[in-house]
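First comes the structure, then the notes that go with it.
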Amino acid sequence: MSRTAAADDEPKGSSPHEPLLQPWQFFLLAGMLAATGTVIVATGQAPANIIILSLTVVAVSFVGLGAYRLLLPLVSAEADAPSLIGGRTRIALEREKALVLRSLKELEFDFAMGKMSQADFDEMSGRLRRRAVGLIRQLDAGGGYREAIEREVERRLSESGDQPLGLSGCECGTKNDPDAKFCKNCGARL
Amino acid sequence: MASLGEYLLLLTFVIAAYAVAASVAGARRRSTRLIESGIGAFYTVAALMTVASGVIIYAFVAGDYSIRYVQRYSDSVQPLFYKITSYWGGLDGSVMFWVFLLSIFGSVAVRVNRQRHRELIPYVVAVIATVEMFFLFLMIIHNNPFATYLTESPTDGRGLNPLLQNFYMAIHPPTMYLGFVGLTIPFAFGMAALFTGYLDDSWLRAVRRWTMFSWFFLSLGLTLGMLWAYEELGWGGYWGWDPVENAGMLPWFTATAFLHSVMVQERRGMLRVWNVSLVIITFLLTIVGTFLTRSGVVQSIHAFGEDPELARYFVAFMVSTTVFSFGWVIYRLPLLKARHELDSWASKEAAFLANNWVLLFSALFVLFATLFPTITEAINGERLTVGPPFFNRWMVPIGLILLLLTGVGPLLAWRKTTLTNLRDQFLWPVVSALVVAGTMLALGVRVWSSGLCFALSAFVMGTITQEMVRGANVRRGMTGTDILTAMIGLVGRNKRRYGGYIVHVGIVLMFLGFAGEGFSRDQQLLLKPGEEATVGGYTLHLDAIRVTDDGQKQMVTGHVTVKDASGAVIEQMRPAKWFFRKHEEEPTTEVAIRRSFAEDLYIVMPAFEIEEQTASVEVHINPLVNWVWFGFGILALGTGIALLPETAVTFAVARLPAEAVTASLLILSLLLSGGVARAQHVETGQDPRLQLTSPEAREISQKLACWCGGCSKLPVGQCSCGHCAIERAKIDVMLKEGKTEQQILDHYVTTYGGNQILSEPPNSGSGRVAWLMPIVVGGGGFLMAAFLALRWSRRPSLAGVPAGIEDPEMAARLDEELRNLD
């Protein structure tokens, strides 16, 4: 496991202020100190023994790190935000599009290598191109549900006569909540 | 120390259980905190297993013989390297090593995919942690590596089996484990996709690399095993279809099938059910492999001994995994339904379908034939032997079909290859195959399997060369560079495709090596010092038999001078027998090998008579065998290219040599580890007779299986143990008495009270099942695949998009996007 990767993962629970030590740094340091202690205690043993002992002690510090990662999320004050899986449809469409495009590319390559006749190529590439165009259109139209839902909400709100969301515009162009006193982007008084 | 280890295992079990609970609960409640905590627990398991491994290695190195496992597998005089590798030398430790590797692999896989496959991760954690729990449970309940002696503890250990104190034996098991363990990761992702219902191909992208990586280690492990068998066992071959070799082969077949069928799903969205099932089957087969090695269900030189209780645990685990995972597949069938459209028979999809079926059939056949003796014994108490001749009878044609498909597949286009263009595509490969076949015939090669193999190899090489050259030409036309740059660009742009082709080249080279076996010759010589004999162009002159002692062992060495046809001395070879102190009753046979790319001269001295100064010398001439190892080097190179990250196009060229060098260096170091290899083979202490066997007797003895227990039931005609030497001599006597082959075989069947002495099951009684199975399953499966393909190809193609004239604006945009794709 790369230790650098461990670092960029940590700050989630830690305070916004940069702490003196990243957790993994702390644990690694502790492990190394403990290993040094072990070496002193184990003086007189064969070198191989001492090396393996100190490596084991360092491994113990990783257990500490693991336990920290296990416990931290349970006690952190951060809200238990459900992991949203939005835009999945859009991702699927994008993926589908990439797939079709790649198939097209491959088809062209195969054709260039002389694996199929012009007629077959035209037929298949035509079919793929139509599909690709269809997908692009779908994506342009906002295939994702999120946009569709937002539009729908807006439409219904305006129909029911309520004040639509986000009318308190700011000079900077940001839409703010109706009861906002300051702009959430530039901070100007509304 | 011991109790510390024990507590660590217990704690790991608890943490793994927590990881399962927290991840599943977190995923169900959509609670990031629980999921994060579960992942933390998962990492903790890896850390704890590292500590536990450290503890047991320390116990080995420090010589804590109060721990039984340490006492049984090491002693104080053992070199440090073997003390450390003793960790996985026995049953209990190997289970622990397994969990250790799995926890590390799992952590890395979770770490890498945490962001990209957020919704799958909790279930991946749960599945892997469950598998870890099973093995931890085994250790805690049944195979505790930290178990101590209850009363007085011995002062020294029993020592690792001398046979295992060998470089290959130290690295072969871990590479196999890496392959096996790595295949758990695709399984975990597949299951997670089933749980969550996100069955598009995103999970495939997460596991493709892992499968390739594990597949590579599996191939490496198998090759190392072959090398070991070749250099150690002294019978001149490298693959004996031993149950445990087969166990390693099983997941290799299905993983190979998966690596190919993944492409079909990625490109065409077909075969979704099939891919999930393949991943599950592959995982199950790795567990079957572990089960076969560790339960003593099958007789094998690798087996750790019989253990019915362990067998029960494994069976319970396998059955519940099978029911559970396939239950989910059935539950998700509606989601797994995919567009099935097979445009044409002459398409890559159809070729992949065939390839998958052949590979799956291979796995089924090998599994069946391995378990057949156990099954018949359980059903009607009749113990039969399924020896190497039976495997070869079926696997040689299967291998050749696979080789043919290797050549055909790349020539076909996705969806549909136009028939008129087929001729153009197949022309050169077929011509090269025909040329080679004609040359073979002209040279008088009459071994059909090898001849066909050479022709097919030429066909595949023709295919690959044509693909590379034509591809490069097309690219040159597009980019306007010279052909070499175009070729590098080609490989760089589509690393998986061309890396795959390079793997195919490696496979072809390995097949060349296999085909060489058809021309191998062996001869037994009886020589006294000063005498010489000629075998296949080599003249062997026995100079002396010398006895030396280096304090650790007594060595009886035959000094053999090898001359070529012109009489010039080309090599001094030293086949030997070593008698280790404390192990005098188990002398080891030292093989002497003279390697070259054309053929190996392989000399063993199975018996000698010091007083009369006579040595029995077995000479094997193995043509092309080194191409097997060399082919693996190429395969490794190809895998390395295919594994390069997608974005690494720019430094593909810079990084490629590094990968190539590592892989080739490894192979070269194995190849060149001395022109004359030293190897060991422990034998039973019987005194083999110094007697020449007539060719007729050898012929008959090929049909009998050796039951010495030191080999994998090789034919008596091949095994170099003393027992077989005696049997061969007996057959000689019987032949002189005028007995026919059938009478001799019948004599053996009555003497041994059953057909198990025959190296192939008889084609009658319960043995007939073994003969029918390949035909029934192979044929049935073929018909089923054909039926499915027919059904899919008949279905009207669902383009799903209204036909219409493309509007020019969209067409331009599409072209733009296509250009940017490069």
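The values are calculated or read from the model by the stated rules, or taken from the named source; none is laboratory data. Treat the numbers as computed from the prediction; the structure is a model and nothing was measured. Don't worry about glycine lacking a Cβ; one is built from the backbone with ideal geometry, like all the others, and counts go over all protein chains shown. Ligands, DNA and RNA are stripped out before the accessible areas are found, and what is left, the full protein with its side chains, is counted by its heavy atoms. Shrake-Rupley method; radii C 1.70, N 1.55, O 1.52, S 1.80 Å.
Quick look at the values:
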read-out: Unique residue being farther than 18 Å from residue B:283 by Cβ and in contact with a helix residue (DSSP H, G or I) (Cβ under 6 Å, 6 or more places away or on another chain) when the list is B:215, B:203, B:228, B:210; value: B:228
read-out: Subset of the range B:70-81 (residues that are out of contact with any Gly (no Cβ under 6 Å at 6 or more places or on another chain) and surrounded by 24 or more Cβ atoms within 10 Å (Cβ to Cβ)); value: B:70
read-out: The range A:139-157 - residue that is surrounded by 13 or more Cβ atoms within 10 Å (Cβ to Cβ) and at pLDDT below 75 and, of those, farthest from residue B:817 (Cα to Cα); value: A:150
read-out: Any hit, the range B:547-554, residues being surrounded by 15 or more Cβ atoms within 10 Å (Cβ to Cβ) and modelled with pLDDT of 85 or more; value: no
read-out: Any hit, the range B:26-44, residues being open to solvent by 20 Å² or more (accessible area, probe 1.4 Å), more than 21 Å from residue A:64 (Cβ to Cβ) and out of contact with any Ser or Thr (no Cβ under 9 Å at 6 or more places or on another chain); value: yes
read-out: In the range B:349-385, the residues that are open to solvent by 20 Å² or more (accessible area, probe 1.4 Å), assigned to a helix (DSSP H, G or I) and charged (D, E, K, R); value: B:377
read-out: Near pairs, Cβ below 6 angstrom, 6+ apart or cross-chain, from the range B:325-336 (under 13 Å from residue B:198 (Cα atoms) and open to solvent by less than 60 Å² (accessible area, probe 1.4 Å)) to any residue that is of a type outside the set (Lys, Arg) and assigned to a helix (DSSP H, G or I); value: B:329/B:276; B:332/B:194; B:336/B:273
read-out: Qualifying residues in the range B:545-556 (those that are part of a strand (DSSP E or B) and free of Cβ contacts under 8 Å to residues at least 24 places away in the same chain) - the one farthest from residue B:610 (Cα to Cα); value: B:549
read-out: Members of the range B:70-112 found to be in a helix (DSSP H, G or I) and over 28 Å from the mean Cα position of the chain (by Cα), listed by number; value: B:70, B:71, B:72, B:80, B:111
read-out: Verdict on residue B:210 being assigned to a loop (DSSP other than H, G, I, E, B) and more than 14 Å from the chain's Cα centre (by Cα); value: no
read-out: Single residue of the range B:411-431 satisfying the filter (out of contact with any helix residue (DSSP H, G or I) (no Cβ under 9 Å at 6 or more places or on another chain) and at the interface with chain A (Cβ under 7 Å from one of its Cβ atoms)) that is surrounded by the most Cβ atoms within 10 Å (Cβ to Cβ); value: B:424
read-out: Single unsatisfied condition, residue B:300 versus (1) open to solvent by 20 Å² or more (accessible area, probe 1.4 Å); (2) among the hydroxyl-bearing types (Ser, Thr, Tyr); (3) modelled with pLDDT of 85 or more; value: (3)
read-out: Residue A:84 closer than 30 Å to residue B:494 by Cα and either at pLDDT 85 or above or at the interface with chain B (Cβ under 9 Å from one of its Cβ atoms) (or both); value: no
read-out: Conditions (1) modelled with pLDDT of 70 or more; (2) not in a helix (DSSP H, G or I): number failed by residue B:800; value: (1)
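Residues checked against (1) crowded, with 17+ Cβ neighbours inside 10 Å; (2) more than 11 Å from chain B (Cβ to nearest Cβ):
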residue: A:21; (1), (2): no, yes
residue: A:29; (1), (2): no, yes
residue: A:39; (1), (2): no, yes
residue: A:51; (1), (2): no, no
residue: A:56; (1), (2): yes, no
residue: A:67; (1), (2): yes, no
residue: A:70; (1), (2): yes, no
residue: A:73; (1), (2): yes, no
residue: A:76; (1), (2): no, no
